[in-house]
Structure formats: structure tokens, C-alpha cells
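Trainee: Before anything else, here's the structure in question.
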Amino acid sequence: QVQLMESGGGLVQAGGSLRLSCAASRSIFMLNTMGWYRQAPGKQRELVAVITPGGGTNYADSVKGRFTISRDNAKNTMYLQMNNLKPEDTAVYYCNAGATGIWGQGTLVTISS
């Protein structure tokens, strides 16, 4: 049973935009702080942004002002709007459901210079 499913990755040029989506089962989505993480080749997985059930948000310094995390409680879906993308944003992006320890399968984002 798939509990988190990411979509929306792809290849874009630097300066472009992408929107990632993470669809979750309702029981997970409504009770947990949800987050986006990323892992670039040869690097450790790092936090990108998190959003609480009430809509509070927090971002990594490297993405502040460029990325926006949001959630649609009616659709049990979390989003990551990524603007002004840079080559260093290239990574596999993962959806995470907080304290449950549940992760999605990841979606690849590649930014060309």
C-alpha cells in the first residue's frame, strides 16, 4: 500500500520553475508535519521545507525566497513550488511524513545551466 507518492520532477533550465506534488493517505496527511527533503549525488539527504498540519512553514536557507511549500487538506496533497531554479537544486526530492518515518519513492529534479 503506497502511502506517499511524489510527482512533478523533470528537467528544466536554470531560472525555470517546477511544482512537485506529494499525495498522501488521509490518516497520515492530517496528523503529521509534512516535509520535502532532497538528496544530491554524493551528498547526504537534507531538509528543504516543512509544513505543519496548521500551515506553519520552515525552509532551508538555500531555498528561502525561491521555494514555497503548501498543503491542500481537501486533497491530502502537499506541494513544493520551486522558482528561479539553480543547477545546485539538482537532486532527488523526497516527501516525508514527519514522525511516522514514512518516505515517498522520490522524484528526480535536474536543472541544466
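The values are calculated or read from the model by the stated rules, or taken from the named source; none is laboratory data. This one's a predicted model, so the numbers in the text were calculated from it and none came from an experiment. Reconstructed Cβ throughout: ideal geometry from the backbone, glycine too, with neighbour counts over all protein chains shown. When the accessible area is computed, the model is the full protein with side chains, heavy atoms only, and any ligands, DNA or RNA have been set aside. Shrake-Rupley method; radii C 1.70, N 1.55, O 1.52, S 1.80 Å.
Trainee: Is segment 9-17 home to any residue that is open to solvent by 50 Å² or more (accessible area, probe 1.4 Å), more than 30 Å from S113 (Cβ to Cβ) and either in a loop (DSSP other than H, G, I, E, B) or of a type outside the set (V, I, T) (or both)?
Mentor: Scanning segment 9-17, I find no residue that is open to solvent by 50 Å² or more (accessible area, probe 1.4 Å), more than 30 Å from S113 (Cβ to Cβ) and either in a loop (DSSP other than H, G, I, E, B) or of a type outside the set (V, I, T) (or both), so the answer is no.
Trainee: Search segment 40-54 for residues being under 17 Å from T77 (Cα atoms) and part of a loop (DSSP other than H, G, I, E, B), and hand back the single one that is modelled with the highest pLDDT.
Mentor: Among those that are under 17 Å from T77 (Cα atoms) and part of a loop (DSSP other than H, G, I, E, B), it is T52.
Trainee: Something else: Hey, can you tell me all the residues within segment 53-106 that are of a type in the set (S, T, N, Q) and surrounded by 21 or more Cβ atoms within 10 Å (Cβ to Cβ)? Working first, answer last.
Mentor: Within segment 53-106, the first condition is being of a type in the set (S, T, N, Q), and the residues that meet it are 57-58, 62, 68, 70, 73, 76-77, 81, 83-84, 90, 96, 100, 105.
Once the filter is applied, which keeps residues that are of a type in the set (S, T, N, Q) and surrounded by 21 or more Cβ atoms within 10 Å (Cβ to Cβ), segment 53-106 yields only N96.
Trainee: Determine, yes or no, whether S21 is outside any loop (DSSP other than H, G, I, E, B) and closer than 18 Å to A99 by Cβ.
Mentor: In short, no.
Trainee: Looking at segment 1-13, I want the residues that are on the phi > 0 side of the Ramachandran plot and have a partner that is open to solvent by 90 Å² or more (accessible area, probe 1.4 Å) and modelled with pLDDT of 95 or more with Cβ atoms under 7 Å, at least 6 apart or on another chain. Which pairs are those?
Mentor: G8/R19
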